[in-house]
Every structure is written in structure tokens, then in C-alpha cells.
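> Below is a structure I'd like to ask you about.
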Ligand SMILES: NC(=O)c1ccc[n+]([C@@H]2O[C@H](COP(=O)([O-])OP(=O)(O)OC[C@H]3O[C@@H](n4cnc5c(N)ncnc54)[C@H](OP(=O)(O)O)[C@@H]3O)[C@@H](O)[C@H]2O)c1
């Protein structure tokens, strides 16, 4: 991690930070001197708890399951009055293997993926956007798999569809907030070795998250919505 960079995002709220990419984003912002609220669901100890122990008070742990509307609203009330430079909604699920064809998966799997990755993410953005500074950033973890234009290989059918739908909802959100100063970002981290990405993924977390955070930080003050990969390149919609 780059401990020499100071982030313009001094106060950061990461939703879905118990492990994987969300937890790594918390670590990266702490290394850049920021103070971070990271959320987990449930009461079990997580890698975020272990990091918070080592982080000397820079990390505050909050609780929310984004699929539970009452929990999202309660988090919004608990954090009311605070201002964050960056809200980063990272939570997401994949559930079924790459080869699963959309028509063959269980209705319940389809509903859970869409409900979590699409509706619950956008509801979380809507519920928490008041906490973000007027010139701050709202970032949402999308995926390169969400690109309709780049889908020439298929695979991950419903996961792809969920991220494409999330992208579409963020475009509607951005259209409603046209003229405002906030940077709005859909981010694509690459294929990364996490519980979701698996051990065969091409990137280690240390190869994805520092450049991704550089990209998010570089967009501070750039009003409007962009769909960017970790290196700051535009992903075709
Ligand atoms: N890894 C990749 O290659 C890759 C590539 C592109 C995009 N992404 C996206 O990056 C994000 C993080 O992925 P990851 O690889 O870090 O996955 P991961 O290791 O499976 O972690 C998923 C994270 O999301 C949280 N989460 C899931 N459902 C939630 C809910 N209902 N409410 C609150 N938190 C919830 C999990 O919390 P619990 O610990 O409580 O389950 C965990 O912190 C996802 O949106 C994913 O789609 C990943």
C-alpha cells in the first residue's frame, strides 16, 4: 500500500467492508491518512474488526445489511449530522458459477442477486447521499462485467445483468442530480482474488485497490457520472 499519498477524501464511509475489496479499501484510505467508517452485517468478528484493532482509532465499525431497508434507514439516522467526503458502496454478491445460464438458475438466486446488487445498492445510495459533502464523491462498486458493450464472451449471466442494471440506475440517479457538483463513479476493479473472485483471479487485492483508490481520489471535484476501471480508463457502457 502507498503510505506516502494523502487522500483528498479525509472522511470516508464504506458500505460492505467486512472482507474482500471493501475491507481493502478501508485499509488503503487509512494508509492515506483518512478516517473511515466501514460497515459489516451481523456480530461475528471480521477482517475489518482485526484491522480496526491495528488502526489506532482511524476506523469506526458500523452495521448494516443493505437488503434490510429498516437497517439502511437506521444507519442513515445514526450518521445524521456527519459529513463524508466519499461514500463508497461496495457490497455485492455473485451466488452462482460462471457457467450458470440465466434461464436455469433458481428463482430465489435470481431474486437475491438482483435485490442485493441492484435495488439494495441504489436504495443505499439514496438513503445516505445526504451525508456526502456537496463537492464530495459517491462511488459504487460495479464491475467490468456490467458493460453491455464489452460482453462478447458471455458467462456470469445474471451477475453481469445485475451490474448492468445497477449502472443503468446510477445513470438515472445522475440525470436527476444533473448540475450538482458531486463526482459519481461506477468502478470496475478488475478480476481480483477475494472470496467472490476466487484464487484463480488475475489480480491480487494489492494490485487492484491502490490504483482503484488513486482513480477515485483523482475524480474528486469532477462533477457527473463516470464508469471507470481501476486505472481510470472509461469502461464502455
Ligand atoms: N472480486 C472481483 O473480482 C470483483 C470484480 C468486480 C467487481 N466486484 C465487486 O466488488 C464488490 C466486493 O466484492 P468482493 O470480491 O470483495 O466480494 P466478497 O469477498 O464476497 O465480499 C463481499 C462483501 O459484500 C458484503 N455484502 C454482501 N451482501 C451484503 C448485504 N446484503 N449487506 C451488506 N453487505 C453485504 C459482504 O459482507 P459479509 O461478510 O457480511 O457477507 C462482504 O463484505 C462486489 O460488489 C463485487 O460484485 C468484485
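> Helix-derived [θ] at 222 nm for the chain: sum -39500 (n - 2.57) over DSSP H runs of at least 4, divide by residue count, nearest 500?
Calculated from helices alone, the mean residue ellipticity at 222 nm is -10500 deg cm²/dmol.
> Ordered by packing density, taken as the mean number of other Cβ atoms within 10 Å over each peptide's residues, highest first, how do 103-115, 181-193, 219-231 rank?
The densest-packed peptide leads the list: 181-193, 219-231, 103-115.
> In bins 5 Å wide, starting from 0, what share of all Cα pairs of segment 11-229 does each bin hold, as a percent?
Pairs per bin, as whole percents: 1, 7, 15, 20, 22, 18, 10, 5, 1, 0.
> In nm, what is the difference between 0.36 nm times the number of residues separating residue 106 and residue 237 and their Cα-Cα distance?
44.4 nm
> What distance in nm lies between label points placed 7 Å from Cα along the C-beta direction at residue 50 and residue 73?
It is 3.7 nm.
> First measure r as the distance between the Cβ atoms of residue 172 and residue 62, then evaluate 1/(1 + (r/R0)^6) with R0 = 25 Å and state the FRET efficiency to the nearest 0.05.
Efficiency, rounded to the nearest 0.05: 0.40.
> Ranking request for peptides 14-22, 79-87: highest mean number of other beta-carbon atoms within 10 Å first, then the rest in descending order.
Put in order of decreasing packing, that is 14-22, 79-87.
> Continuing with this model, one more query. Only bridges whose two residues both fall in the chain count here: according to DSSP, what percent of them are antiparallel, nearest 5?
For the chain, the DSSP antiparallel bridge percentage is about 5.
> With the crude spin-label approximation of a point 7 Å out along Cα→Cβ, what separation in nm comes out for residue 150 versus residue 204?
2.3 nm
Read-outs throughout are calculated quantities, based only on the coordinates presented, and are distinct from any laboratory measurement. All figures in this text were calculated on a predicted structure; none of them were measured in a lab. Because the Cβ atoms are built from the backbone with ideal geometry, glycine has one as well, and the counts that use them run over all protein chains shown.
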